[in-house]
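Trainee: What follows is a structure written as structure tokens; I'll ask about it next.
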Amino acid sequence: MTKDIYVLIEHVQGKVADISYIMLAAARELAEGTGGEVVGILLGHEAQGLAETLAADKVLYGDHPALAEFTPDAYQKVLEKLIPEKEPRAVLFGSTTIGADVVGTLSSQLDIPLVDSCVSVSADSNVISQICGGKIMVESALEGTTSFIAMIPGHYKVESGQSDAGPEVTPIELPALDDLRVTLRQYIEPEIGDVDITQEDVLIGVGRGIQTEDNIEWIEELADLLGAEICASRPIVDQGWLPTSRMVGKSGQSVKPKLYLSLGISGAPEHVEGMAGSEMVIAVNMDPDAPIFDVAKYGVEFDLFDLIDPLMDKIEETS
Ligand SMILES: Cc1cc2nc3c(=O)[nH]c(=O)nc-3n(C[C@H](O)[C@H](O)[C@H](O)COP(=O)(O)OP(=O)(O)OC[C@H]3O[C@@H](n4cnc5c(N)ncnc54)[C@H](O)[C@@H]3O)c2cc1C
């Protein structure tokens with residue numbers, strides 16, 4: 001077993017996903033404890049240039065036309081060969097659509113333990129993870145040989161995993177990738193709808209805490225005053241209160257506004273995945289243990305029904 005910490009680099013349509021940088025930052029912390037290197041695993045086709053911004057000591061690069069776009073089938077085949085050969089101390093995956101598509105099966109096939117929904121790690125190889133949608137935090141020690149960790153965003157900054165130093169890139173030998181059961185036929189862009197929330201500077205995210213559909217109109221008044229657009233957690237969209245194009249998270253859009261004002265959203269990992277890249281998050285929630293406070297710069301432990309009207313009065317007074 002080596003002391004190295006590996007990171008599966010996620011990229012979509014020629015762009016490294018933020019979760020990859022977040023994982024590199026976490027991997028650096030683990031590697032400080034093990035005394036090993038941070039190693040990126042980059043799989044793609046003519047995609048070596050994506051390694052340039054990664055804050056890794058080195059990058060293992062697998063190039064093949066079948067890896068041009070992510071498929072669980074091709075990624076699993078490559079990783080099933082690579083990981084037992086290299087025996088890293090730990091491998092970090094995103095607790096994302098891509099990561100979830102490979103890590104569970106790999107964990108079972110290679111008989112390697114997996115810590116899911118991991119928020120942070122420490123140099124003494126302890127990891128903090130969420131269960132029950134973030135309502136309970138668990139501390140686990142990485143024992144044995146290799147471990148898998150599936151990371152959720154929030155704790156580490158994207159910039160901490162970026163570097164312009166350009167890591168050493170080493171090609172890897174790939175297994176046969178000619179009998180794949182899954183291939184990508186078409187990439188479908190998410191529907192934009194009336195407003196493209198991915199382009200907005202100020203967003204108000206509403207969650208189940210707003211209680212009824214009628215209250216959306218009330219929050220829209222606040223949005224008008226702040227020059228903001230409204231987006232939502234999945235239950236709000238599932239109930240038909242707002243269109244799918246306004247949903248933030250794993251099943252919706254990833255947003256990066258300058259300000260994300262979260263109202264009555266608990267901060268489940270599937271939601272945080274889509275908004276953790278916001279420059280500033282202000283969260284209003286009555287529950288002091290709501291996981292949204294872990295990603296918020298400012299947290300307001302308050303009943304939103306007692307807050308919104310006085311807040312609107314204050315904004316009107318000062319504008
Ligand atoms: C495969 C999969 C994909 C998913 N994809 C997504 C996705 O893309 N996006 C997404 O959002 N979710 C997604 N989910 C659902 C996700 O797991 C959560 O269930 C969801 O995010 C919870 O939404 P919420 O925070 O609005 O509701 P809840 O978790 O019910 O939270 C409501 C919050 O409001 C607070 N609150 C209640 N009343 C008040 C008040 N008066 N004032 C202040 N605070 C109050 C409560 O304390 C609570 O924290 C997905 C789930 C799965 C399994």
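Trainee: Among what's in the stretch 269-278 and is touching a strand residue (DSSP E or B) at 6+ places or on another chain (Cβ under 7 Å) and not polar (S, T, N, Q), pick the residue that is nearest to the ligand (Cβ to nearest atom).
Mentor: H271
Trainee: Quick one: in the stretch 107-128, of everything that is in contact (Cβ under 8 Å) with a residue 60 or more places away in the chain and β-branched (V, I, T), which residue is surrounded by the fewest Cβ atoms within 10 Å (Cβ to Cβ)?
Mentor: V119
Trainee: Somewhere in the stretch 214-229, is a residue buried (at least 20 other Cβ atoms within 10 Å of the Cβ), within 30 Å of C118 (Cβ to Cβ) and not assigned by TED's automatic domain parsing to the domain that holds M151?
Mentor: No, every residue in the stretch 214-229 fails to be buried (at least 20 other Cβ atoms within 10 Å of the Cβ), within 30 Å of C118 (Cβ to Cβ) and not assigned by TED's automatic domain parsing to the domain that holds M151.
Trainee: Name the residues in the stretch 196-240 that are within 11 Å of the ligand (Cβ to nearest atom) and hydrophobic (A, V, I, L, M, F, W, C), would you?
Mentor: Those that are within 11 Å of the ligand (Cβ to nearest atom) and hydrophobic (A, V, I, L, M, F, W, C): V206, I210, C231, A232, I236, V237.
Trainee: Right, another one. Name the residues in the stretch 147-192 that are at pLDDT 95 or above and β-branched (V, I, T), would you?
Mentor: I149, V169, T170, I172
Trainee: Then there's this: Would you mind telling me which numbered condition in (1) surrounded by fewer than 24 Cβ atoms within 10 Å (Cβ to Cβ); (2) closer than 21 Å to I98 by Cα L42 fails?
Mentor: (1)
Trainee: Mind counting the residues in the stretch 273-286 that are surrounded by fewer than 22 Cβ atoms within 10 Å (Cβ to Cβ) and modelled with pLDDT of 95 or more?
Mentor: Count: 3.
Trainee: Something else now. For the structure I just gave you, tell me whether L307 is near the ligand (Cβ under 9 Å from one of its atoms), part of a helix (DSSP H, G or I) and farther than 27 Å from D18 by Cβ.
Mentor: Yes; evaluated as a whole, the condition is true for this residue.
Trainee: Output yes when any residue across the stretch 61-74 is under 19 Å from D18 (Cβ atoms), part of a loop (DSSP other than H, G, I, E, B) and not small (G, A, S), and no when none is.
Mentor: Taking every residue of the stretch 61-74 in turn, at least one turns out to be under 19 Å from D18 (Cβ atoms), part of a loop (DSSP other than H, G, I, E, B) and not small (G, A, S).
Trainee: Right, another one. Name every residue in the stretch 75-130 that is in a loop (DSSP other than H, G, I, E, B) and over 24 Å from E29 (Cβ atoms), in order of residue number.
Mentor: Within the stretch 75-130, D111 is the sole residue that qualifies.
Trainee: Within the stretch 134-158, track down each residue that is on the phi < 0 side of the Ramachandran plot, of a type outside the set (A, V, I, L, M, F, W, C) and touching a strand residue (DSSP E or B) at 6+ places or on another chain (Cβ under 9 Å).
Mentor: Correct list: E139, S140, T146, S147, P153, H155, Y156.
Trainee: Continuing with this model, one more query. Sort out which residues of the stretch 256-268 are farther than 17 Å from G209 by Cα and either surrounded by fewer than 20 Cβ atoms within 10 Å (Cβ to Cβ) or within 11 Å of the ligand (Cβ to nearest atom) (or both), and write them in order of number.
Mentor: The answer is K256, K258, L259.
Trainee: Same structure, new question: So G49 passes all but one of these: (1) without any contact (Cβ under 8 Å) to a residue 12 or more places away in the chain; (2) of a type outside the set (F, W, Y); (3) assigned to a loop (DSSP other than H, G, I, E, B). Which condition number does it fail?
Mentor: (3)
The values are calculated or read from the model by the stated rules, or taken from the named source; none is laboratory data. Given the structure is predicted, the values throughout are model-derived calculations rather than measurements. We place every Cβ from the backbone using ideal geometry, glycine too, and count neighbours over all the protein chains shown.
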